[in-house]
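**Q** Sharing a structure here in structure tokens format.
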């Protein structure tokens with residue numbers, strides 16, 4: 001196993017260097033880059049679609065979407081925004097900085113206010129890969145259970161904001177909101193936590209305001 | 001990347017050899033080994049707990065449970081069965097045959113009818129690691145969305161049975177059952193698919209009967 005660990009360390013280091021370069025480019029271009037990580041099925045795409053519909057009248061937006069297979073998510077998101085690209089990873093369980101760099105080819109970052117990056121649905125592996133994003137958002141759906149942050153601490157540790165999605169299903173799923181907040185805060189004290197429902201719109205105003213507050217002053 | 005791929009291939013090959021040895025041991029001992037894979041939060045532990053409560057009056061059962069951190073799942077499962085061990089993987093996103101081999105130390109396999117293995121919640125990485133199991137079950141919850149099999153085809157391809165869990169939440173989540181079955185069968189034609197709810201008990205009789213049918217004749 002030692003050799004694998006060494007090679008992995010080297011690859012992670014290469015990723016960090018590349019991610020730093022991306023971060024510099026994003027900052028110089030004045031684009032706010034937000035990435036989203038979660039389990040499969042926690043509602044990343046639906047949330048993003050709704051968010052982009054809200055932001056697009058006032059802001060210039062693009063999105064990158066990672067999946068092992070299919071271009072379904074890009075097709076869904078392109079209803080809300082014209083600049084969307086799917087990154088199909090094959091058997092790779094996460095996005096990395098190189099994939100982002102490649103997917104951006106031909107886009108003028110200066111013409112964007114927001115770039116959203118939806119990672120592959122996976123609560124483990126994406127945590128180790130910096131994508132050069134300004135803010136990383138972890139989503140946890142009300143149907144997944146309150147203890148997920150305790151069981152997948154690394155991904156919550158590397159994120160800046162937690163969104164509890166599908167909050168409209170909280171009662172049906174017997175979701176314990178207080179326990180969920182406690183779990184998140186025990187793993188990442190002081191983390192910003194918002195409850196949202198893409199379906200009913202609950203919490204969407206607050207989330208939109210939070211993201212707009214991250215934009216560089218014009 | 002070439003070197004990483006080579007090292008990964010070697011590690012996967014070592015895992016296959018070890019898994020084959022485990023499979024032989026399980027067969028000789030006459031224990032039916034069933035593993036469970038799914039996203040985080042699809043209800044593996046709740047389902048297993050209910051299943052084990054049903055099977056334990058008539059069968060001798062043990063369980064291994066994988067998680068990055070915490071021993072919560074082992075504590076929950078030990079209410080239904082006395083022989084439970086947690087495998088804590090740290091940052092590793094899947095179980096492998098070596099971990100199974102080590103976790104079995106001191107257990108007499110001959111004294112067991114069923115050994116259940118709950119993998120780390122991850123729809124990607126566990127697919128590549130044979131654990132020597134007789135049957136691999138993939139769980140997909142009604143709240144995750146119908147397209148998950150299309151987006152994570154490998155894990156569905158390597159599984160033998162699909163369980164659609166939390167079927168009691170189907171209406172609230174606007175889950176399209178037919179689309180889900182279609183997705184599963186398009187990725188893995190002929191796959192056995194059952195709908196279950198650990199909460200209401202729906203589908204549990206059928207699942208129990210399916211697993212009992214796998215036992216070697218006494």
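No lab work stands behind these numbers, since they all come straight from the coordinates. Just so you know, these numbers come straight off a predicted model, no measurement behind them. Cβ placement follows ideal geometry from the backbone for every residue including glycine, while neighbour counts extend to all protein chains displayed.
**Q** How many residues are out of contact with any strand residue (DSSP E or B) (no Cβ under 8 Å at 6 or more places or on another chain), part of a helix (DSSP H, G or I) and surrounded by fewer than 14 Cβ atoms within 10 Å (Cβ to Cβ) when one looks only at region B:184-218?
**A** 3
**Q** Tell me, yes or no, whether region B:175-183 has at least one residue that is touching a strand residue (DSSP E or B) at 6+ places or on another chain (Cβ under 8 Å) and farther than 22 Å from residue A:144 by Cβ.
**A** Within region B:175-183, one or more residues are touching a strand residue (DSSP E or B) at 6+ places or on another chain (Cβ under 8 Å) and farther than 22 Å from residue A:144 by Cβ.
**Q** Separate question: Determine if region A:118-130 includes at least one residue that is within 30 Å of residue A:149 (Cα to Cα), without any contact (Cβ under 8 Å) to a residue 60 or more places away in the chain and touching a strand residue (DSSP E or B) at 6+ places or on another chain (Cβ under 7 Å).
**A** Yes; the residues of region A:118-130 include at least one that is within 30 Å of residue A:149 (Cα to Cα), without any contact (Cβ under 8 Å) to a residue 60 or more places away in the chain and touching a strand residue (DSSP E or B) at 6+ places or on another chain (Cβ under 7 Å).
**Q** Could you list all residues from region B:152-178 that are more than 28 Å from residue B:95 (Cβ to Cβ) and more than 12 Å from every other protein chain (Cβ to nearest Cβ)?
**A** Correct list: B:176, B:177, B:178.
**Q** Given the residues A:121, A:132, A:128, which is the only one that is crowded, with 20+ Cβ neighbours inside 10 Å and within 11 Å of another protein chain (Cβ to nearest Cβ)?
**A** Answer to the check: A:121.
**Q** To continue, here is another question. Given the conditions (1) surrounded by 23 or more Cβ atoms within 10 Å (Cβ to Cβ); (2) more than 11 Å from the chain's Cα centre (by Cα); (3) closer than 30 Å to residue A:182 by Cα, which single one is not true for residue A:139?
**A** Status for residue A:139: all satisfied but (2).
**Q** Against the condition away from every other protein chain (no Cβ under 12 Å), over 13 Å from the mean Cα position of the chain (by Cα) and over 21 Å from residue B:55 (Cβ atoms), how does residue B:106 come out, does it pass?
**A** Answer is yes for this residue.
**Q** Looking only at region A:183-209, count every residue that is within 14 Å of chain B (Cβ to nearest Cβ) and free of Cβ contacts under 8 Å to residues at least 24 places away in the same chain and tell me the total.
**A** Looking only at that region, the number is 0.
**Q** When you look at residue A:144, is it at positive phi and facing chain B (nearest Cβ under 10 Å), yes or no?
**A** No, not satisfied.
**Q** Pick out, from region A:15-89, the strands (runs of 3 or more DSSP E) lying fully within it that include 2 or more residues that are without any contact (Cβ under 8 Å) to a residue 40 or more places away in the chain and either within 13 Å of chain B (Cβ to nearest Cβ) or buried (at least 18 other Cβ atoms within 10 Å of the Cβ) (or both).
**A** Strands (runs of 3 or more DSSP E) meeting the threshold: A:83-88.
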